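Heads up, the thing below is written out as structure tokens.
The values are calculated or read from the model by the stated rules, or taken from the named source; none is laboratory data. Source: prediction; values computed, not measured. Note that we place each Cβ from the backbone using ideal geometry, even for glycine, and neighbour counts take in every protein chain shown.
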Amino acid sequence: MKSSSTLLLALSLLLVDSRNHAASRTASLGGHGHSFNLGATDPLFFSGYGNVTHYFTTPDGRTDQFPRHDIVDGLVWFSQEMVPVGGGKFAGDYASYASFVGWIDQGYFTMNAPTTDSDSNGLADWLQVERSVNASISGTLDSDIPSEPNLSYTGNLQRGANQTRGNYSVSIPATGNTYNGDWYVVHISGSASYDRSNNSMTLSIQTVNAFGESYTLTSQSFTYTINDENQITLPQFTLSGSGPTLPTTGPVTLQRSGDRYHGVVHFTDGEQTTSWADFTTYTVEIFDDNDEDGDGIPSLSDATPDAPPPSLTLQKQGGSLLITWPTSAPGFQIQHSSDLNTWSTPPESPIQIGDQQALLIAPAPGARIFRLKKP
């Protein structure tokens, strides 16, 4: 009887290894605008003029007309956008309003800012919402009015980590005046859900517009391309949902560094509350900690994202049988059944022998079928 029951147990072990292969995965997504919002200066009183405030907007490259603006509920509305023009320099148009007189000046405003990019994602640290900011700035105010002098300034930007709003202060040596105000970084957050069985992907983001209104936008499902383990390309896509519709201007290539993929996305118009295209360019990052085969390459671009399932092995040990499987397969659980329908954890407790997990099974009547399963 002992040999018969042992043989029956051995035959039942021919049915081994069960695993759920995860095709659908989720990675986190973040992004930062290359432009930023420079809020109006706090009013400063001048005799004969009243309170003077400077407003900023997307530059139009012209000196013969009032800066870009919209009329909203009878009020003049500016975008506050400062756009990058290269070498750490940003630019926008400005218009100055005096409470006693009306509009008194307009022109071109530049700002030189730090270029440090600690994480090498192509975007200066001070534009990334998760970083705190205490930075020196300088620049010029170039008036469109010939009788007005061009002025230079120095100043400071400050902002707390994970805060979208900061404050600025600029001083103009030629006049002795100091202006203060608020500035804002532009950022998005969300997720990228992808399926490696067909390389499909769907994006979902949360964003806030210039009026402080929050939106959730999603893309249609699209097929992305794995160029190699260090680079993927997303096709042209459109984000839509509870807010504006944001189409990209073309494909987006993301480079991998560790578990991070980053690249530049161009939207046709990133802020649709204005009548012109603004806030169009973002650095986008996907962070993927899925790495089922443990080779250090995230599943998003891994040529073989799933590790092969571990194997059960069987050997006689005295009058019993020893079932072993590798300890290099974390998360797998051994289960047994007598009918292939109901599975449970065996009463025997596994022990570790070297680089193997082991289960010692005493002979018993009837069939016992064993498998490894990863929940």
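Remarks
- Unmet requirement for residue 320, which otherwise passes all of (1) under 30 Å from residue 205 (Cβ atoms); (2) hydroxyl-bearing (Ser, Thr, Tyr); (3) more than 41 Å from the chain's Cα centre (by Cα): (1)
- Looking only at the stretch 312-344, and only at residues there that are within 30 Å of residue 226 (Cα to Cα) and surrounded by fewer than 13 Cβ atoms within 10 Å (Cβ to Cβ), the one that is modelled with the lowest pLDDT: 330
- Strands (runs of 3 or more DSSP E) contained in the stretch 238-331 and holding at least 3 residues within 21 Å of residue 194 (Cβ to Cβ) and not aliphatic (A, V, I, L, M): 238-241, 252-257, 260-266, 281-287
- First in the stretch 348-375 and under 17 Å from residue 311 (Cα atoms) and of a type in the set (S, T, N, Q), second anywhere and modelled with pLDDT under 85 and not in a strand (DSSP E or B), Cβ under 7 Å, 6 or more apart: 352/327; 356/327; 357/327
- Positions within the stretch 105-129 being under 30 Å from residue 145 (Cβ atoms) and surrounded by 18 or more Cβ atoms within 10 Å (Cβ to Cβ), in sequence order: 106, 107, 108, 109, 110, 111, 113
- Selection within the stretch 160-197 - under 30 Å from residue 219 (Cβ atoms) and without any contact (Cβ under 8 Å) to a residue 40 or more places away in the chain: 161, 162, 163, 165
- Here is the figure for the stretch 241-294: residues that are among the β-branched types (Val, Ile, Thr), modelled with pLDDT under 95 and under 19 Å from residue 202 (Cα atoms) total 1.
- Residue ranges of strands (runs of 3 or more DSSP E) in the stretch 1-82 with at least 2 members more than 30 Å from residue 359 (Cα to Cα), at pLDDT 95 or above and in contact with a strand residue (DSSP E or B) (Cβ under 6 Å, 6 or more places away or on another chain): 24-33, 36-41, 44-46, 50-57
- Among residues of the stretch 132-165, those that are in contact with a Lys or Arg (Cβ under 9 Å, 6 or more places away or on another chain), within 23 Å of residue 87 (Cβ to Cβ) and exposed (fewer than 15 other Cβ atoms within 10 Å of the Cβ), counted: 1
- Residue pairs whose Cβ atoms lie under 6 Å apart, sitting 6 or more positions apart in sequence or on different chains, and linking a residue in the stretch 264-286 that is more than 10 Å from residue 34 (Cβ to Cβ) and in contact (Cβ under 8 Å) with a residue 40 or more places away in the chain to a partner that is small (Gly, Ala, Ser) and in a loop (DSSP other than H, G, I, E, B), are 271/210; 273/210; 274/79; 278/79.
- Looking only at the stretch 195-229, residues that are outside any strand (DSSP E or B) and either hydroxyl-bearing (Ser, Thr, Tyr) or surrounded by 13 or more Cβ atoms within 10 Å (Cβ to Cβ) (or both) come to 8 in all.
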